[in-house]
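Please read the structure below before turning to the comments.
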């Protein structure tokens, strides 16, 4: 009986901690949500009334829609480039040079090791002029976003590949008459699909929220969603709250998709 | 005419020589085993024959054609891996059909051939299962079917049974041997299990440290070990040094003397056979199977020719004898006299 009581109090304690923490973290999100729906919320404790006007205003603003479109475009191109480069690379590493994996693990830490502010200064100097003057164009962001997506995608794909017996599967396919590209397409790709999709969604939501590189390297010359949000900071707080919430729900949806696919 | 001819084959990984100067020949339809402790190079040799590893020196000739440097896709070799290597994203049916699809076999032929081989390995009803839904033994049968369906010139089996439990291993062992005989398939089997090698093989190549130390039939390898290694690897031989041999037997030898435990006669002093031993019954040897230290004979009891022909079918009886094959290995048709110990007969319901 005492044991059961102990167990009960233990779960109650755990639940209190978890729910308490979640509520605490949810406060700013809920406050922003309420603020984005409020008509006016100044000197009173509760808002004067509720309205969807801020959202309507936001979603009818051509500048917002353009920025959103640019962000989506940037993310899509960056991830397409990442897929095209990382998938063959990781296959080569795992199939032909397994020893390189430890080097790759070091390499993918680099984007984390150097703070974005520091590396963006370096990138500015490198690409402002010289042979490839691409600062201020979306191209420099695509290149940078590739390095940001690399760790996510590499780790997820490496885990998928470690989960299958790559060498034996390739050997079996070869002996059954398949060429290496054919074996890659019909056997390796389907087996890393889940990891690939999950990492793509994760990288996507991460890149969509990227601000530092976008602002320093390109700024208003190719205004992305985050830069737009930053430039709108002087306008009504209700309006920016609606913007933040729109972005939040979009990312939430993507994260939900990611967890669904990784199961 | 040899079907497979491997001559002077060598392979190293960097400084490390895996094997050197390997020679072996295999006849068509023969079941040979590469037997040896782990790390002796047997699996690498098999992979070289499959074309999955390149060789540094020597030749591999199949049916008169030099395939030493041919791509694995073109060798016409089927292989079953210890890890099964089934494609996890494909069903049983798609796994087995993969090789035929690569050969661009027509849909109707494909359906017929895959269906046939699924029947052969007794996987009917499991066609739409995925590998992770199957037991180990079933997975290995899928792997076998996948290798067989393309009608390979040689079948390579790389320790296909070592990941399975004993009962399934025994069953699959017989199944593989039956199918191999039925299809007259030239087969190279790799194992470290001497019992497996003895029961399955037409011929055994025993390897150690990258060399073939002895080759021959199961009986030859088991009863006439050429070296101390073979003797200790193949059975529970008693190994006596020259000094001991001299002291016990008064013989002088150079190496060591290997004596199999079952070849030693034991007789209890003064013992006589009594009432409980039956009168001799005549029998004919049908076949024998080597189980290592035991030889298992299948015999039929024969009728006394003076009697009326009996309507009851002649009973077939299994007789185990300790393996003393150097002095008596009863070939098919040998006439024997059986005596039954009545105390060992158990009446059952």
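Throughout, read-outs are computed from the coordinates displayed, never taken from laboratory work. What you see is a predicted model, and the numbers here were worked out from it, not measured in a lab. With ideal geometry, Cβ positions are generated from the backbone for all residues, glycine too; neighbour counts draw on all protein chains shown.
Taking the C-alpha atoms only, the angle from helix B:136-148 to the longest principal axis of chain B is near 70 degrees. Counting every other Cβ atom within 10 Å of each residue's Cβ, B:94, A:53 order from fewest to most as A:53, B:94.
Could you order the peptides B:175-182, A:12-19, A:192-199 from most to least packed, using the average number of other C-beta atoms within 10 Å per residue?
Details: B:175-182: 16.2, A:12-19: 10.0, A:192-199: 19.4.
In descending order of packing, they fall as A:192-199, B:175-182, A:12-19.
State whether chain B is rounded, prolate or oblate according to the following rule on the C-alpha gyration tensor (a ≥ b ≥ c being the square roots of its eigenvalues): a/c under 1.5 gives rounded; otherwise a/b larger than b/c gives prolate, and the remaining case gives oblate. Each step should come with its number before you reach the end.
Numbers: a/c = 2.36, a/b = 1.35, b/c = 1.75.
Cα axes put chain B in the oblate bin.
Scattering from region B:62-151 was approximated by placing one identical point on each alpha carbon and applying the Debye formula without solvent; log10 I(q)/I(0) at 0.12, 0.18, 0.24 1/Å stands at -0.37, -0.78, -1.20. If you build a Gaussian network model of chain A, linking Cα atoms that sit under 10 Å apart, which residue out of A:140, A:188, A:227 swings the most? Evaluated over chain A, the most mobile residue of the options is A:188.
The mean of 1/r over all pairs of different alpha-carbon atoms in region A:143-263, once inverted, gives a Kirkwood hydrodynamic radius of 17.0 Å.
Pairs of C-alpha atoms in chain A farther apart than 27 Å represent 55 percent of all such pairs. Looking at the protein assembly as shown alone, DSSP beta bridges between its own residues are antiparallel in about 70 percent of cases. Averaged over the residues of B:45-58, the number of partner chain Cβ atoms lying within 10 Å of the residue Cβ comes to 1. Counting, for every residue in B:78-89, the Cβ atoms of other protein chains within 10 Å of its Cβ and taking the mean gives 6. For chain B, the longest principal axis of the alpha carbon atoms and the long axis of helix B:166-183 meet at an angle near 70°.
Apply the a/c threshold of 1.5 to the C-alpha gyration tensor of the protein assembly as shown and tell me whether it is rounded, prolate or oblate. Prolate is the answer for the protein assembly as shown, as a/c is 1.5 or above and a/b outweighs b/c.
Just report the Cα centroid separation between region A:238-259 and region A:13-71, whole Å. Each part's Cα centre sits 10 Å from the other's. Think of it as helices only: each DSSP H run of n ≥ 4 in chain B is worth -39500 (n - 2.57), and spread over all residues that comes to -8000 deg cm²/dmol at 222 nm.
Residues B:276, B:132 in ascending order of nearby Cβ atoms (within 10 Å, fewest first): B:132, B:276. Between the alpha-carbon centres of region A:104-145 and region B:151-208 there is a gap of 58 Å. Can you tell me which of B:223, B:186, B:91 moves the most in a GNM of chain B? Springs connect C-alpha atoms under 10 Å apart. Among B:223, B:186, B:91, the largest GNM mean-square fluctuation belongs to B:91.
From the C-alpha coordinates alone, can you work out the Kirkwood hydrodynamic radius of region A:1-136, in Å?
Numbers: mean 1/r = 0.0458 Å⁻¹.
Kirkwood hydrodynamic radius for region A:1-136: 21.8 Å.
Can you compute the helix-only [θ] at 222 nm over chain A? Use -39500 (n - 2.57) per DSSP H run of at least 4 residues, normalise by all residues, nearest 500 deg cm²/dmol.
Values: 12 runs with 195 residues, N = 263.
Calculated from helices alone, the mean residue ellipticity at 222 nm is -24500 deg cm²/dmol.
When Cβ neighbours within 10 Å are restricted to other protein chains, what is their mean count per residue of peptide A:163-171?
On the way: counts 1, 4, 6, 0, 4, 9, 8, 2, 10.
Other-chain Cβ atoms within 10 Å of each residue's Cβ, averaged: 5.
Relative to the longest principal axis of the Cα atoms of chain B, helix B:107-120 runs at roughly 20 degrees.
Under the classification rounded if a/c is under 1.5, otherwise prolate if a/b is larger than b/c and oblate if not, where does region B:199-249 fall, given a ≥ b ≥ c as square roots of the Cα gyration tensor eigenvalues? Here region B:199-249 falls in the prolate category.
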